1. Quick check on my filter: what residues within segment 183-208 are surrounded by fewer than 20 Cβ atoms within 10 Å (Cβ to Cβ) and assigned to a loop (DSSP other than H, G, I, E, B)?
2. If you scan segment 405-441, which residues turn out to be under 19 Å from the mean Cα position of the chain (by Cα) and assigned to a loop (DSSP other than H, G, I, E, B)?
3. Among the residues of segment 17-65 satisfying the criterion of being under 15 Å from Q83 (Cβ atoms) and basic (K, R), which is surrounded by the most Cβ atoms within 10 Å (Cβ to Cβ)?
4. Within segment 354-401, count every residue that is over 16 Å from F269 (Cβ atoms), among the aromatic types (F, W, Y) and either part of a loop (DSSP other than H, G, I, E, B) or free of Cβ contacts under 8 Å to residues at least 40 places away in the same chain (or both).
5. For segment 471-480, check the following and say yes or no: at least one residue is under 25 Å from I72 (Cβ atoms), touching a residue at least 12 places away in the same chain (Cβ under 8 Å) and in contact with a strand residue (DSSP E or B) (Cβ under 8 Å, 6 or more places away or on another chain).
6. Based on what the data block shows, is A469 outside any loop (DSSP other than H, G, I, E, B), modelled with pLDDT of 95 or more and either out of contact with any Leu (no Cβ under 6 Å at 6 or more places or on another chain) or surrounded by fewer than 20 Cβ atoms within 10 Å (Cβ to Cβ) (or both)?
7. Got a number for residues in segment 315-374 being more than 23 Å from the chain's Cα centre (by Cα), over 28 Å from N263 (Cβ atoms) and not basic (K, R)?
8. Restricting attention to segment 282-317, report how many residues are among the hydrophobic types (A, V, I, L, M, F, W, C) and within 22 Å of S183 (Cα to Cα).
Amino acid sequence: MKYILSYLMLLLPCICKASPIIYVNQVAFDSRGAKMAVVGNDARLRGSTIFTLTNQEGKIAFTGTLKGPLQITQWAKGTFFYQADFSSVTKSGIYKVNISVNGKRYMSDEFNISPNALAINTMPSIINYYNKQRANTPTELEADKHLLLYGGDKTVDMHGGWCDASGDVSKYFSHLAYANYMSPQQIPLVTWSMINAVQTIPATLNKLSIYDKTVDEALYGADYFMRALSTDDYFYMIVFSYFNKDPKARRVVGLKANSVTTNEYQCAFREGGGMAIAALARISRLKKDGDFKSADYLAGAKRAFAHLLIHNAEYDDDGKENIIDDYCALMAATELWIATDSSYYQTEARKRAESLEKKMSPAGYFYANDSGRPYWHASDAGMPVVALSRYLSKEKDAANRTTALNTIKKALDYNLRVTAETSNPFGYARQTFRLKDKIQNGFFIPHQNETGWWWQGENARLASLATAAIIGGRLVYPEKGGWGVKKDLAAYASNQLSWILGCNPYSMCFMYQFGKNNVPYMSSNFGHGSGKGGISNGITGAKENADGSGIDYKTEDNGNEWRWTEQWLPHAAWFLQAITAMADEK
């Protein structure tokens, strides 16, 4: 394991630096994409400061001028930040960013620039990470073939699926259903993301010799959904371990706060049901069999969708549908429409698209409900745009397309505007939220929220927004060259992935065993734990701040260090979607 974390980095938000630090994506930049490093110094640099890119031979390959200074007092009081933009560099190679201050030379960590660099360098490890996350040890398989439903003596077979995190071997369609507005998409998102890669960039996967492996991993996810599909046509939501080493403790449950379990284990659209339907419908089009037949996947998707059209609100914990139901049901209806070409699913997709579009606020962010709560999400913030974009891959009606495109445009314009409205040298995606009846904008999610306890690093959110910027941007701001979007959106997307890969105030690469600085290894039950290619939660607002202001990253916190260091399925899933969108099949 690579683990280099200096005391200086750990205390960065509280102290001044004795010398300049160059923060950079420690892994790779795509030749076609935007590229930026950040320089931090404890004193304002004099005049116009030049930076250079040097190759492995030490020769200068590019010269530019730093942009700045910029400051974020709540992150690093007294520190001046500068941006080094080298987006125009497209020649393949291994590079470092260099600056000279007071006659002394400083260099960044090295990084790669090459065509499809992000996909080529990381995608095989991401797929292998999921393969290692399979809940398929003999102990798990035996226990999960005869799982008790909470509160009774009935057992079901729910073997398969992926362990949720490097410290949690439970299996979730979604794990925050009780909070209503924060339900993340977990195993279903992973499966859909893999199928999306298979159908979108097959040539790249074949070049990397992982096409068949990615298909097999996606089929493994689809098979789990089929076992989780009850005879009453709803999905069982959670296999919960109770963090107990005894496999006999595992149960099929619904969850409340603080691991309180219930028999409310039926998935609503927003509780993983919608994305599971979407994944099953989409994978049926591959015409490949896993443990179940390809036709079974489509039949299962149809059964589950028909059931939720009648019972969805019953399964929503507050009995009311909200924006998460909308975009998850839109994904489900769209994939069924694509798979069947049926006007029945066309109608349902259009209903959900309209409902989602009506939740667009005048400011450009989405409302979560009909009462004006801003939609913000710690892992799936880009999903509304991704869902509408997927819908538009099938929708041909001019009026419906215009409305959806306008909604996507407003959302992307808002993302750029709210991110740029304050000093923001790293280009970290900002967001709007409501805290104590006050609507405000900030970098990180509020720690005081509907869950009562849950907040963590937001690397999945960042990758989801990067995905939305590229996928949605090609529809509303298309440009030739680059990633096919206008410069501002390309930079926005690149900055989010660079943050994950090391261009952040802690110089921490959150993709495990990539880059120079990694989080500590985390072990789990049944031999599971941190895996190469997995992505940890990441950086948060300061622990003590209810509004998520300030900044924190901790490797030790009396058992709560998981908020920053634990790997979680959605992070790598959204990263996979982002690099799939960025990959060039030509």
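The values are calculated or read from the model by the stated rules, or taken from the named source; none is laboratory data. As the structure is a prediction and not an experimental result, all values here were calculated from the model. All Cβ positions, glycine included, derive from the backbone under ideal geometry; neighbour counts span all protein chains shown.
1. Let us first name the residues in segment 183-208 that are surrounded by fewer than 20 Cβ atoms within 10 Å (Cβ to Cβ), namely 199-200, 202-203, 206-208.
Scanning segment 183-208 gives a single hit, L208.
2. F426, G427, Y428, A429, R430
3. Of everything passing the filter in segment 17-65, K35 is surrounded by the most Cβ atoms within 10 Å (Cβ to Cβ).
4. Here the count works out to 2.
5. Taking segment 471-480 and keeping what is under 25 Å from I72 (Cβ atoms), we get none.
No, because not a single residue in segment 471-480 is under 25 Å from I72 (Cβ atoms), touching a residue at least 12 places away in the same chain (Cβ under 8 Å) and in contact with a strand residue (DSSP E or B) (Cβ under 8 Å, 6 or more places away or on another chain).
6. Numbers: outside any loop (DSSP other than H, G, I, E, B): yes; modelled with pLDDT of 95 or more: yes; either out of contact with any Leu (no Cβ under 6 Å at 6 or more places or on another chain) or surrounded by fewer than 20 Cβ atoms within 10 Å (Cβ to Cβ) (or both): no.
When the stated conditions are applied, A469 does not pass them.
7. Number satisfying all stated conditions: 22.
8. If we filter segment 282-317 for residues that are among the hydrophobic types (A, V, I, L, M, F, W, C), which is where we start, we get 283, 286, 292, 295, 298-299, 301, 304-306, 308-310, 313.
Next cut, within 22 Å of S183 (Cα to Cα) only: 301, 304-306, 308-310, 313.
Residues in segment 282-317 being among the hydrophobic types (A, V, I, L, M, F, W, C) and within 22 Å of S183 (Cα to Cα): 8 in total.
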